[in-house]
Amino acid sequence: MYRYYGNLPPPPLRNYFTFFSIMAPYDRLGYWGRPTSTLDWCEENYAVSFYIAEFWNTVSNLIMIVPPLYGALQTFRDGIEIRFVLAFLGIAAVGVGSWCFHMTLQYEMQLLDELPMIYSGCIFLYCVYECFKQEKTVHFLLITILLGFSISVTLVYLQWKEPVFHQVVYGMLVSCLVLRSLFIVSWVYPNLRRLAYTSLAVFLLGFALWNIDNLFCSTLQSARKRVPPLVGAMTQFHALWHILTGLGSYLHVLFSLQIRITYLKHRSYVKLKVCAGHNMMPKSYSSVKGLFFTFVMFLFY
Ligand SMILES: [Zn+2]
C-alpha cells in the first residue's frame with residue numbers, strides 16, 4: 001500500500017527548538033507517508049530510497065544490532081550473569097528501534113527507539129552499581145526502583161510528547177553511569193581507566209557530532225550538494241552518532257563486565273587461598289577481550 005503527502009494538511013513543526021527548525025525539508029514522497037514523529041533529523045528524507053526515509057541514519061544502526069547480539073550470545077554461552085546478556089540485548093533493542101524510527105519517521109517507531117534507551121540505561125546502571133556484590137545475588141530493591149523509574153518515564157512521555165524530557169532523563173542516566181565509572185577507575189580498578197575513558201570519549205565525540213548535525217544542518221546540506229554522494233554520506237553526522245554511541249555503549253558493557261569478572265576472580269582467589277576451594281570464575285575470562293576484537297573487526301571489515 002502506498003501513501004502520499006498529497007491533499008494532507010501541512011506537516012507538524014519539524015522540531016521543538018527554534019534553532020533545530022532548519023532541518024531537511026521533506027519534499028519527497030515516500031513509502032511510509034507523512035512523518036508523524038516529533039523529531040525529524042537533518043538527513044534529507046527519501047533521498048536515497050523510496051522505502052527508507054533516512055537511509056544513512058537507518059543503516060548505521062547495524063553497528064548497534066549485530067555486535068551486541070554476538071556479545072549477548074557469547075556472554076550467555078560463557079555462563080556470565082544474565083544482567084550482562086540483558087545489557088547487550090538492550091543496545092541491540094535500541095538499534096532495532098532506531099532502525100524502525102529512521103526508516104519510517106512514524107511516532108510509534110520513535111517511541112521504539114527512545115524508550116529502550118531509558119530501559120537499557122537502567123540495566124547499565126544495575127550492572128555498574130551491583131558489580132561488587134557476591135555472585136548470584138539479586139538486589140530486588142534496586143530492580144524495583146529502576147523498574148518504577150522506567151514505568152514512570154514511559155507513562156509521562158506517552159502523555160507529554162516532549163523530546164527534551166526524554167533527552168534530559170537519558171542525560172541523567174548517562175551522568176550517573178559516568179560518575180560511577182569514574183569512581184571505580186579512580187578508587188578501585190585504576191587499570192581499567194583506558195577502557196572506561198575510551199568508552200566515554202567515543203560517546204562524547206558522538207554527542208558532539210549529534211549537536212553539530214542539529215546546529216549546522218543547512219550548511220551540511222548545501223555542502224552535500226557539492227560533493228559526490230559517498231563523500232556526502234560522510235557528513236551524515238547523526239549516522240556517525242549511531243556508530244559512535246553504539247561503540248561507546250558496547251565498550252561500556254565490556255567495562256562493567258570486566259569490573260565484575262575482576263571482582264569475582266579476586267574473590268574466588270581469596271576463597272581458594274583460604275578454603276582450598278576451586279575457582280568459581282565464569283568459564284571464559286578472556287571473553288571480554290574476544291568481544292572487543294569482534295567489535296573492532298566489525299568496524300573495519
Ligand atoms: Zn537516531
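Here are some notes:
- Looking at PHE76, PHE124, just one residue is surrounded by fewer than 20 Cβ atoms within 10 Å (Cβ to Cβ) and away from the ligand (no atom under 11 Å from the Cβ), and that residue is PHE76.
- Among the residues of segment 107-121, those that are within 14 Å of the ligand (Cβ to nearest atom) and in contact (Cβ under 8 Å) with a residue 24 or more places away in the chain comprise MET109, GLN110, LEU111, GLU114, LEU115, PRO116, MET117.
- Residue check, ALA87 buried (at least 22 other Cβ atoms within 10 Å of the Cβ) and within 14 Å of the ligand (Cβ to nearest atom): no
- Any chance SER98 is without any contact (Cβ under 8 Å) to a residue 24 or more places away in the chain and among the small types (Gly, Ala, Ser): no
- Any hit, segment 54-68, residues being of a type in the set (A, V, I, L, M), within 16 Å of the ligand (Cβ to nearest atom), more than 19 Å from TRP32 (Cα to Cα) and surrounded by 21 or more Cβ atoms within 10 Å (Cβ to Cβ): yes
- Only one entry of LEU142, LEU158 meets the criterion of being surrounded by 12 or more Cβ atoms within 10 Å (Cβ to Cβ), free of Cβ contacts under 8 Å to residues at least 60 places away in the same chain and in a helix (DSSP H, G or I), and that entry is LEU142.
- Pairs, first charged (D, E, K, R) in segment 187-213, second part of a helix (DSSP H, G or I), C-beta under 8 Å, six or more apart: ARG193/VAL185; ASP213/LEU220; ASP213/PHE237; ASP213/HIS238; ASP213/TRP241
- Applying the set (1) among the β-branched types (Val, Ile, Thr); (2) crowded, with 22+ Cβ neighbours inside 10 Å; (3) closer than 30 Å to ILE184 by Cα to THR104 leaves exactly one unmet item: (3).
Values quoted throughout were computed directly from the atomic coordinates according to the rules given, and no laboratory measurement underlies them. Owing to the predicted nature of the structure, the values given are computational and were not obtained by experimental measurement. Here Cβ is always computed from backbone atoms with ideal geometry, including for glycine, and neighbour counts include all displayed protein chains.
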